[in-house]
1. Suppose a student asked you for the relative contact order of the chain, using Cα pairs under 8 Å spaced at least 6 residues apart; what percent would you report?
2. Please state the shape class of the chain: rounded when a/c is under 1.5, otherwise prolate if a/b exceeds b/c and oblate if not, all from the C-alpha gyration tensor.
3. Tilt of helix 304-322 relative to the longest C-alpha principal axis of the chain, in degrees (0 to 90, nearest 10)?
4. Please list the non-local residues whose amide H lies under 5 Å from the amide H of V174, H modeled 1.01 Å from N, same-chain partners needing a gap of 5 or more.
5. In nm, give the distance between the simple-model label positions of D395 and V199, each being 7 Å from the Cα along the Cα-to-Cβ direction.
6. Considering only protein heavy atoms and a probe of 1.4 Å, how much of the accessible area of the chain is carbon and sulfur, as a whole percent?
7. Would you please classify the overall shape of the range 1-79 from the alpha carbon gyration tensor, given that a ≥ b ≥ c denote the square roots of the eigenvalues, rounded means a/c under 1.5, and beyond that prolate means a/b larger than b/c while oblate covers the rest?
8. If you put +1 on each Lys and Arg Cβ and -1 on each Asp and Glu Cβ, how big is the dipole of the range 231-380 around its Cα centre, in Debye rounded to 20?
Amino acid sequence: MQSAIDNTLDIQQIRNDFPVLNQQVNGRPLVYLDNAATNQKPLAVINALTQYYEGYNANIHRGIHHLAEQATAAFEASRRAVQSFLNAKHWEEIIFTYGTTDGINLVAQTYGRRFLNAGDEIIISTMEHHSNIVPWQMLCEEKGCVLRVIPVDDQGELIIEEYEKLLSERTKFVSVVHVSNSLGTINPVKTIIDKAHAVGAVVLIDGAQASSHLELDVQTLDTDFYVFSAHKLYGPTGMGVLYGKKAILDSMPPYRGGGEMIKEVSFEKTTYNDLPYKFEAGTPNIADVIAVKTALEYMDGLGKENIAVHEHDLLDYATEQLGEIGGLRIIGQASQKIGVISWVLDGIHHQDTGVILDQQGIAVRTGHHCCQPLMQRFGIAGTTRASFAVYNTRDEVDRLITGIRRVQKMML
């Protein structure tokens, strides 16, 4: 069955941009539905990586030769592209990291160590990825801070009334996910940010799952920090972005020491570089940073709104079809979701589901999705999760439904 909006986006043509999709797995055409873990890369991004290494591979910023200047220009052009992508006010507010996890750790270990003290409270939520739990637990252990947690209701939505009760003059930092990686829930982050600011708290938003699905504007959100990974928005792995308000970043100490992040070094004293380089010690991930600009251009060419409409069509269709399978329970039915859907099957372990689907060429994610506290909230060990990207189709959803029925036939 074809999507109702295929006339807006030529999905079959788009699929031709992703060579990895053109293969068979276990004798069946690949159906890739593990996009929340990482999505596939278009040829344009792959070519950008190849062109850097074949054409102008050089270290950046301090070299005076032609290749170094070409690589530096491409690297900094990516920073400007990310600035535009987030609508950040200043280009210096864009820090390149190794991913979302790295960005959160950077903030916890620099802002947290300098500005948080014993008794200060940090608020996160029940639906956080471990990467937005553990760094704050480590900080609390070191500094004597207190971790508070926003609960989740049966639909998989944050209980904002409970969040309001947690806020007080002791609240110094709030760190929440924009979109749940395991349930697909879109959180009301603007409301969360405004309420945190009302008590003087600083806010970080984990945008790992939101960046490729939602329009982002950090100035409108008025968030203090925003982090995301490139590999979830059709870019390369091992590369991410930390956005921070310039005044706050200026007030923070460096994260790592080494080259690039200094102005002068002597055995008596080191002076640190200006933003953003103060936080980019050592030779960065040059090729992958350059390729991020290509990934953003690719999404921009398709139109982020068009992508969102297509993925939402797949979500609605999959939710309807899954709902007709007896013994299947969808976990997380929030009113606002991206194209992520998790479920459990009565009497069948999620790992068995994943293995049997893989035998049919269907790639899904199984387990706790690095959200063990959330799984505990729902009283389950894990789920099977399908997550959609722009190249997925209703026909692939049909393959998934057929595959699940086969799982039940084999296991029950």
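The values are calculated or read from the model by the stated rules, or taken from the named source; none is laboratory data. What you see is a predicted model, and the numbers here were worked out from it, not measured in a lab. Every residue, glycine among them, receives a Cβ derived from its backbone with ideal geometry; neighbour counts consider all protein chains shown. Accessible surface is based on the protein model in full, side chains and every heavy atom, while ligands, DNA and RNA are left aside. Shrake-Rupley method; radii C 1.70, N 1.55, O 1.52, S 1.80 Å.
1. Over the chain, the number comes to 24 percent.
2. It is oblate, given that a/c is not under 1.5 and a/b is not larger than b/c.
3. Roughly 40 degrees between the two axes.
4. Hits under the 5 Å cutoff: I123, V202, V203, L204.
5. Each label point lies 7 Å from its Cα, and together they span 5.3 nm.
6. About 48 percent, which is the carbon plus sulfur part of the accessible surface.
7. Cα axes put the range 1-79 in the prolate bin.
8. 560 debye
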